[in-house]
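Bear in mind these aren't lab numbers, they're just calculated from the coordinates by the rules spelled out. As the structure is a prediction and not an experimental result, all values here were calculated from the model. Please note: Cβ atoms are built from the backbone with ideal geometry, for glycine as well, and neighbour counts cover all protein chains shown.
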Amino acid sequence: MTALSRTYLYIGDLFKPLPLSFSEILEAWEEDVMKPFELVRGHVEEELGEVSGARLYGAYLNPETMTAVIEYMVDFEGEKVMGVYSVKIVHAENPQKAMMEYHKAEREGKLVR
C-alpha cells in the first residue's frame, strides 16, 4: 500500500503531488500541528501569493491506512487579490476517497481541531 500512497496539496480543486512521505507528515504533526503547513508553505505561496497567516481548521489521521488530511485556513495576499483560502495536505492511496473520509469525520465531529 505504501508504494501507491502519495502526498498531495489540495488547492483550487486540484491535487498537486508533493515529495513528502506519510512519516514526514506525521512527525511534523506530532512536533506541532502547524509544522506540516510549514513543509508546504512555499507551494501554497506559489499558488496564492504571500501567506500572512495560517491556522488549523481540522485534521483526519488514520495511521492504520496511512491516510492523512490536514486542512488549514490561509490568509494570503496576491498581486490583485487577498483573502482567506482553504488548503489541504492529503496523503493517501486514493486522495478522493481520503477527502470523503475527512468530510465524513467532519460531519460526525471526529476531526482533530
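Mind running the shape call on the range 1-51? Use the C-alpha gyration tensor, a ≥ b ≥ c as the square roots of the eigenvalues: rounded below 1.5 for a/c, prolate if a/b tops b/c, oblate otherwise. Spell out each step's value before the answer.
Details: a/c = 2.73, a/b = 1.21, b/c = 2.25.
The shape class here is oblate.
Quick check on the chain: helices-only [θ] at 222 nm, where DSSP H runs of length 4 and up contribute -39,500 (n - 2.57) each and the sum goes over total residues. Nearest 500, please. Write out the running numbers ahead of the final one.
Working: 3 runs with 37 residues, N = 113.
One gets -10000 deg cm²/dmol as the mean residue ellipticity at 222 nm.
Taking Cα atoms, how many degrees apart are the long axis of helix 22-31 and the longest axis of the chain, rounded to 10 and kept between 0 and 90?
70
Could you give the length gained by full extension between residue 24 and residue 65, i.e. 0.36 nm per residue of separation minus their alpha carbon distance, to one decimal place? Walk me through the numbers on the way to the answer.
Details: separation 41, 0.36 × 41 = 14.76 nm, distance 1.55 nm.
Going from the current span to full extension adds 13.2 nm.
Mean separation of Cα pairs under 8 Å and 6+ residues apart, divided by the residue count of the range 23-80: what relative contact order is that in percent? Working shown, then result.
Details: 64 pairs, mean separation 17.3, N = 58.
That works out to 30 percent.
Once both labels are modelled 7 Å past Cα along the beta-carbon direction, what's the residue 96-residue 57 spacing in nm?
Label at residue 96, label at residue 57, 2.1 nm between them.
Quick one, what does Rg over Rh come out to for the range 47-113 if you take C-alpha atoms and the Kirkwood Rh? Each step should come with its number before you reach the end.
Numbers: Rg = 13.5 Å, Rh = 12.8 Å.
Rg divided by Rh gives 1.06.
Points 7 angstrom from Cα along the Cβ direction at residue 84 and residue 4: gap in nanometres?
About 3.8 nm separates the two model spin labels.
When the chain is fully extended, how far beyond the present Cα-Cα distance does residue 45 get from residue 73, taking 0.36 nm per residue of separation?
Details: separation 28, 0.36 × 28 = 10.08 nm, distance 1.33 nm.
Fully extending the segment from residue 45 to residue 73 adds 8.8 nm.
If you line up the long axis of helix 35-48 against the longest principal axis of the chain, both from Cα atoms, how many degrees apart are they, to the nearest 10?
50
Over the chain, what relative contact order in percent results from Cα pairs under 8 Å that are six or more residues apart? Mind dumping the intermediate values first?
Working: 191 pairs, mean separation 31.0, N = 113.
Once normalised by length, the contact order is 27 percent.
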